[in-house]
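> Just passing along the structure, written as structure tokens.
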Amino acid sequence: MIPFQFNARTTVLFGTGKRSQIGAIARTLGFRRTLLVADQGLVQAGHVAAITDLLGIEVHTFHGFSANPDSWQAEAGRAFAAPLSIDSIVGLGGGSSMDCAKAINFLLSCGGRMQDYHGYGKATAPLLPMIAIPTTTGTGSEAQSIALISDPETHVKMACGDPQAAFKVAILDPELALSQPRRVRATAGYDALSHAVETLVTTKRNAISDCYSRQAWHLLAGSFARSITHPEDIEAIANMQIGAYLAGAAIENGMLGAAHATANPLTARYGTVHGDAIALMLPHVVRWNGLPIYAELHQDLPAYLTLLAETASLPATLRQAGVEQSLLTELAEDASNQWTGRFNPKPFDAAAALELYQRAY
């Protein structure tokens, strides 16, 4: 039996229209001057203005980050917020918004550089209270106390976590996720599926994470294709949103594995969208791990994962994704240094990563 510690740090509100409660929730948490972290796409979609109105307090918005926020962008957010006497933070959007919100919180509350928080439990002062409002159905960052922040100098995705970095409240409103473009639904949704698959088999899996992984898979696998082919199906989107949250909670309690370890260097070096990178690697990792438990999800899980990727028009090979074969060894070395690889059920190192890249090429 694997020992574990379980802490339910985040209150979850789920349902259509639940975003209307954010003002009351913010006031209950003592928010007066909040930093709203959201990407430019959410400004154009009208979500930023709508949430600002619903908050009903002093709001300052920060949009200066990319799909894979890095330490420089987090510092820019800190510099923007520092003179504003911010007492709280709201992360609105996908994983990039929520990761950036957590990163800014570390720097604003504790000082230093993002590299100082690489690891877990390194906050040196109380962090500001935060609310998460996901508008995509993928990362599950709203369920996690870890921010993934790229180091632009080393190309490493740093996992920067602390119990205080968990959101106080996560508002899951499926209506907000209806605005996702098809491409985002595909890449974010496949990422969520991968979370359910990987957390089910890691060396850190336990009784709690197992529950989250299995229920997440049930919801996600049952609704992934329909959420893409029927974009107005609120039930499918709702299932994806809950599934993504549960898969994120599974990560919080059970970690990830080699699929993410091999996907992250593709994003760092080639700018490959994370969901695309996962689609390229996950079926190969599952087949390479070769565990009987995978059959509990689907009789031939690698083939099924490949079929789902094809349904969503995700890339099938590294060659198609523009990866140079001559760089596979360098990518493998990068992958061997990724934090998730250490939790893979089969020993994972640079040689293993190279084998997986060769299979995917």
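The values are calculated or read from the model by the stated rules, or taken from the named source; none is laboratory data. In this text, all values refer to a predicted model and were calculated from it rather than measured experimentally. Note: ideal-geometry Cβ built from the backbone for every residue, glycine included; neighbour counts use all protein chains shown.
> Would you pick out the residues in segment 51-82 that are more than 22 Å from residue 268 (Cβ to Cβ) and part of a strand (DSSP E or B)?
58, 59, 60, 61, 62
> So, in segment 178-196, of the ones that are of a type in the set (A, V, I, L, M, F, W, C) and surrounded by 24 or more Cβ atoms within 10 Å (Cβ to Cβ), which residue ends up nearest to residue 229 (Cα to Cα)? Lay out the reasoning, then the answer.
Initial filter on segment 178-196 (of a type in the set (A, V, I, L, M, F, W, C)): 178, 184, 186, 188, 192-193, 196.
From what's left, surrounded by 24 or more Cβ atoms within 10 Å (Cβ to Cβ): 186, 188, 192-193, 196.
Details: 186: 10, 188: 15, 192: 17, 193: 17, 196: 22 Å.
Per the stated criteria, the residue is 186.
> Looking for something crowded, with 17+ Cβ neighbours inside 10 Å, under 22 Å from residue 148 (Cβ atoms) and modelled with pLDDT under 95 - is there at least one such residue anywhere in segment 257-265?
Filtering segment 257-265 for residues crowded, with 17+ Cβ neighbours inside 10 Å gives 257-265.
Then drop every residue that is not under 22 Å from residue 148 (Cβ atoms), which leaves 257-265.
Pick out the ones that are also modelled with pLDDT under 95 and you get 264-265.
Looking through segment 257-265, at least one residue is crowded, with 17+ Cβ neighbours inside 10 Å, under 22 Å from residue 148 (Cβ atoms) and modelled with pLDDT under 95.
> If you take the residues of segment 345-360 that are surrounded by fewer than 16 Cβ atoms within 10 Å (Cβ to Cβ) and in contact (Cβ under 8 Å) with a residue 24 or more places away in the chain, which of them is nearest to residue 199 (Cα to Cα)?
Per the stated criteria, the residue is 346.
> I would also like to ask the following. Which of the numbered conditions does residue 295 fail, given that it passes all the others? Conditions: (1) closer than 28 Å to residue 182 by Cα; (2) in contact with a helix residue (DSSP H, G or I) (Cβ under 8 Å, 6 or more places away or on another chain).
Residue 295 satisfies all of (1) closer than 28 Å to residue 182 by Cα; (2) in contact with a helix residue (DSSP H, G or I) (Cβ under 8 Å, 6 or more places away or on another chain) except (1).
> Next up: Do you know which residues across segment 218-255 are outside any helix (DSSP H, G or I) and either over 16 Å from residue 140 (Cα atoms) or not assigned by TED's automatic domain parsing to the domain that holds residue 186 (or both)?
Quick first cut of segment 218-255, residues outside any helix (DSSP H, G or I) only: 230-233, 255.
230, 231, 232, 233, listed by residue number.
> Name the pairs: first residue in segment 315-344 and among the polar types (S, T, N, Q), second residue at pLDDT below 95, Cβ to Cβ under 6 Å, at least 6 apart or on different chains?
338/264
> Return only the number of the condition from (1) crowded, with 24+ Cβ neighbours inside 10 Å; (2) out of contact with any strand residue (DSSP E or B) (no Cβ under 7 Å at 6 or more places or on another chain); (3) over 13 Å from residue 245 (Cβ atoms); (4) in the same structural domain as residue 39 (by TED's automatic domain parsing) that residue 121 does not satisfy.
Just one mismatch for residue 121, condition (1).
> Then there's this: Filter segment 281-321 down to the residues that are among the polar types (S, T, N, Q) and surrounded by fewer than 18 Cβ atoms within 10 Å (Cβ to Cβ) and list them by number. Steps first, answer last, please.
Going through segment 281-321, the residues among the polar types (S, T, N, Q) turn out to be 289, 299, 306, 311, 313, 317, 320.
299, 311, 313, 317, 320, listed by residue number.
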